[in-house]
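In what follows, a single structure is set out as structure tokens and then discussed.
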2 protein chains.
Amino acid sequence: MRGAVMYAPGDVRLEDRPAPEIINPTDAVIKLAATCVCGSDLWDYRGINAVTQPTPMGHEYAGVVQEIGAEVSSVKPGQFVIGSFFASDGTCPNCRAGYESSCVHREFVGGCQAEAVRVPLADGTLVATPAQPGEGAIPSLLALSDVMGTGWWAAVAAEVTPGSVVAVVGDGAVGLCGVIAAREFGAGRIIVMSRHEPRQKLALEFGATDIVTERGDDGSAAIREMTEGVGADAVLECVGTPEAMQQALRSTRPGGNVGFVGVPHGVQVNGEELFYSHAGLRGGPAPVRRFLPDLIARVLDGRIDPGKVFDQTLPLAQVAEAYRAMDERRAIKVLLQP
Amino acid sequence: MRGAVMYAPGDVRLEDRPAPEIINPTDAVIKLAATCVCGSDLWDYRGINAVTQPTPMGHEYAGVVQEIGAEVSSVKPGQFVIGSFFASDGTCPNCRAGYESSCVHREFVGGCQAEAVRVPLADGTLVATPAQPGEGAIPSLLALSDVMGTGWWAAVAAEVTPGSVVAVVGDGAVGLCGVIAAREFGAGRIIVMSRHEPRQKLALEFGATDIVTERGDDGSAAIREMTEGVGADAVLECVGTPEAMQQALRSTRPGGNVGFVGVPHGVQVNGEELFYSHAGLRGGPAPVRRFLPDLIARVLDGRIDPGKVFDQTLPLAQVAEAYRAMDERRAIKVLLQP
């Protein structure tokens, strides 16, 4: 089986790897219909996260069940399924509370930039579509596996409500999916902080009402100017840098909320500043599994089309070029066809 | 008029100060029925906050309106009133959202350890009782001005709901009032972290169900052991130190909330740890004004008795001894009679 392996920053290779097999009776093996490169993969690609050994890459997946372990009962071979990047048992206290990505038995589903992948804890992780989806729905279904699930979680964590004023920090695929979520939640105004014209256009298509091009404290000041001087009700922090977090907190009104979903890199939140901001803060890896049934229905009904974040499609063989295109910001997000 | 002035750490003196007067037409002057020393006054007393000039002390007050400015309409001379330590206009966007302590015109009400005090923005700040309260209700009404309002806010910020498991970090007056709030909110279990027997006893009297004496990570581990391994639903952080914040975050289940109301001193929240904790975090100076009408009714109905946190009463003349008693933890909180 062919799959992508990162050897060092900037060095991603497609190579032959052992085909995935059932190891535990709760596993399933999925033949991938599509996979993709994540913004978070770039942390490794750029050398910000250390790459200490050759690492199979990718954690986003959608495809057809090939084989299941003896204890798997909720999906069967031949079904089209989507799952989260964290496998979850679906039964622990955290899963029952809707925080499947904090499952006490969670396992990261790695090595998805490949032809097939083993998914542990299949019953608690995978959700099948009612029927085989058409080719056109596959990008949007794949997006649910991470970016759309994560954008949705950002809006949930920031407590977006009908009529609220939402600001989105970050114009990557997750931020753009956050716009979709805010629109679906009935936000009254959706302000996207972006300097890149293709991303601005897609944000507006997804339902953004305003674009702010200023950054940092100028960006926060622009948001406050639009909101009676006090800030947005809900701010979606979709980057993970100290600057983005600070911009988000300073753009939030007292009593408002920041949902932060970019994996933090070097972020320290000053307690005193947070105190006097009166902002609420909640983040974490998206509990994608909680949202999957609802989001699959929205995709299949045509109500949301997050697959549009894939502005480039390449065969899996060109995975190295996919990383380069995203690293150089030539692409928002690249879909890979195994 | 006599009032307390801090000259330096450990040096609080009662001295003659000019009697407060109406300066702005929105002011009221209150003759104090009672005042007290706050845990946060000890930050100055202990030299942790700098005392750069002689500073009139105290920000907790309840008493009778003596005089009002020409534009004050909601209270009149002779009425018994309670107000927040932050004066608020009651009309700005933050006040309308219930965050009066972030009022865009907020003013700190200082110098309350005295016979009388000027309260700015009286209409947006003060709440009158329906009639003159009996002597016995005065400690509890005074407590609403800060500690009970702040404990209430901790429970609101931590989103305590009926049946939830609550942990309280800090056994000072605010933490103890947090226990009262959690009980009033219908918490199923209220775990107080305390090593001091008199405070443990008062916590149990206020409605605590469990006492944890371990601190730091041992304390968090004890909480997790009591909660299926995952942590409490709601944690009230009522101290403001890095250790207390860390203990609070590590005691919270994924999806749970920390309400932090101790003014942070040196607290930095690690973004990555907060991310993977899946905990929500909200704090800030309590919007006491939001809660006052409800809390006054609860005190006058006899449903809550936060005045019990005053385990010592002294004449204002002995204010220096009041600070010493609290600094040395001989008293939880000292009420001063002007």
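Each reported figure results from applying straightforward, stated rules to the coordinates on display, with no laboratory input. Treat the numbers as computed from the prediction; the structure is a model and nothing was measured. Cβ placement follows ideal geometry from the backbone for every residue including glycine, while neighbour counts extend to all protein chains displayed.
For B:Phe80, B:Phe260, what's the fewest-to-most ordering of other Cβ within 10 Å of each Cβ?
Values: B:Phe80 22, B:Phe260 30.
With the sparsest Cβ surroundings first, the list reads B:Phe80, B:Phe260.
Other residues within the sphere of radius under 13 Å centred on the Cβ of B:Ile332, judged by their own Cβ, net out at 0 (K and R +1, D and E -1).
Does the stretch B:143-210 classify as rounded, prolate or oblate by the C-alpha gyration tensor (a ≥ b ≥ c root eigenvalues; a/c under 1.5 gives rounded; else a/b over b/c gives prolate, otherwise oblate)?
Working: a/c = 1.81, a/b = 1.11, b/c = 1.63.
Judged from the Cα gyration tensor, the stretch B:143-210 comes out oblate (a/c at least 1.5, b/c at or above a/b).
A Förster radius of 56 Å combined with the Cβ-Cβ distance from A:Ala8 to A:Val64 puts the calculated FRET efficiency at roughly 0.95. Just report the Cα centroid separation between the stretch B:168-225 and the stretch A:109-153, whole Å. One Cα centre to the other: 44 Å. Amide H to amide H distances under 5 Å link B:Arg2 with B:Arg17, B:Glu115, where only residues 5 or more positions off or on other chains count and H is placed in the peptide plane.
With charges only on Cβ, +1 for K and R and -1 for D and E, what is the dipole size of chain B about its Cα centre, in debye, rounded to 20? Don't jump to the answer; show the numbers that get you there.
Working: 28 positive and 40 negative charges, 54 e Å.
Dipole magnitude for chain B comes out near 260 debye.
Working note: Karplus 6.51/-1.76/1.60 with θ = phi - 60° gives the stretch B:234-239 the couplings 9, 10, 9, 9, 10, 10 Hz, where Gly and Pro are set to x. Close amide H partners of A:Ala331, meaning residues 5 or more places away or on another chain with modelled amide H under 5 Å apart, are A:Met326. For the stretch B:277-338, what class follows from the C-alpha gyration tensor (a ≥ b ≥ c being the square roots of its eigenvalues): rounded when a/c is under 1.5, otherwise prolate if a/b is larger than b/c, else oblate? Oblate.
Note on B:Asp210 and A:Arg324: the model spin-label points, each 7 Å out from Cα along the C-beta direction, lie 5.8 nm apart.
Suppose the chain between B:Arg96 and B:Asn49 were pulled fully straight at 0.36 nm per residue; how much longer would it get relative to their current alpha carbon spacing?
Going from the current span to full extension adds 13.7 nm.
Computed from phi, the 3J(HN,Hα) profile of the stretch A:49-61 under the Karplus parametrisation 6.51, -1.76, 1.60 (θ = phi - 60°) reads 8, 6, 10, 8, 7, x, 10, x, 9, x, 9, 10, 7 Hz, with x in place of Gly and Pro. Amide H contacts of A:Ala62: A:Ala33, A:Ala34, each under 5 Å away and 5 or more positions distant or on a separate chain (H built 1.01 Å from N in the peptide plane; Pro and chain starts excluded). For B:Asn270 and A:Glu272, the FRET efficiency from 1/(1 + (r/R0)^6), where r spans their Cβ atoms and R0 equals 22 Å, is about 0.90.
Less than 9 Å Cβ to Cβ from A:Ser164, Lys/Arg counted +1 and Asp/Glu -1: what total charge do the surrounding residues give? Walk me through the intermediate numbers first.
Values: positive: A:Arg189; negative: A:Glu159, A:Asp233.
So the environment of A:Ser164 carries a net charge of -1.
Using the Cβ-Cβ distance between B:Phe108 and B:Thr313 with R0 set to 22 Å, the FRET efficiency works out to roughly 0.30. May I ask you to list the lysines whose Cα is less than 28 Å away from that of A:Lys201, ignoring any residue fewer than eight positions away on the same chain? Partners within reach: A:Lys308, A:Lys333.
Relative contact order, whole percent, for the stretch B:49-112 stands at 35, derived from Cα pairs under 8 Å and 6 or more residues apart.
Placing +1 on each Lys and Arg Cβ and -1 on each Asp and Glu Cβ, with no other charges, gives the protein assembly as shown a dipole about its Cα centre of roughly 460 debye. Apply the a/c threshold of 1.5 to the C-alpha gyration tensor of the stretch A:150-283 and tell me whether it is rounded, prolate or oblate. Rounded, because the longest to shortest axis ratio a/c is under 1.5. Across the stretch B:150-283, C-alpha contacts under 8 Å between residues 6 or more apart give a mean separation that, scaled by the residue count, equals a relative contact order of 27 percent. Computed over chain B with a Gaussian network model linking Cα atoms closer than 10 Å, the most mobile of B:Val174, B:Val104, B:Val117 is B:Val104.
Extension gain for B:Asp218 to B:Ala128 (0.36 nm times residue separation, less C-alpha to C-alpha distance): 27.9 nm. Comparing B:Met57, B:Met193, B:Met226 in a Gaussian network model of chain B, where Cα atoms under 10 Å apart are tied by springs, the biggest mean-square fluctuation is seen for B:Met226.
Distance between Cα centroids, the stretch B:1-53 to the stretch A:8-77: provide it in whole Å. Measuring centre to centre over Cα atoms gives 64 Å. Note on B:Leu42 and B:Ser73: the model spin-label points, each 7 Å out from Cα along the C-beta direction, lie 4.4 nm apart.
Here chain A carries DSSP beta bridges of which approximately 55% are antiparallel, counting only pairs with both residues inside.
Just need the relative contact order of chain B here, percent rounded to a whole number, with Cα pairs under 8 Å and 6+ apart.
On the way: 878 pairs, mean separation 63.0, N = 338.
Here the relative contact order equals 19 percent.
For the stretch B:150-283, a crude dipole built from +1 on the beta carbon of Lys and Arg and -1 on the beta carbon of Asp and Glu, taken about the Cα centre, is about 220 debye to the nearest 20. Along the axis of the charge dipole computed for the stretch A:193-241 (Cβ charges of +1 for Lys and Arg, -1 for Asp and Glu, origin at the Cα centre), the listed residues A:Leu236, A:Ala222, A:Gln200 are led at the positive end by A:Gln200. Mean per-residue shielding of peptide B:280-288 is 6, counting Cβ atoms of other chains within 10 Å of each Cβ.
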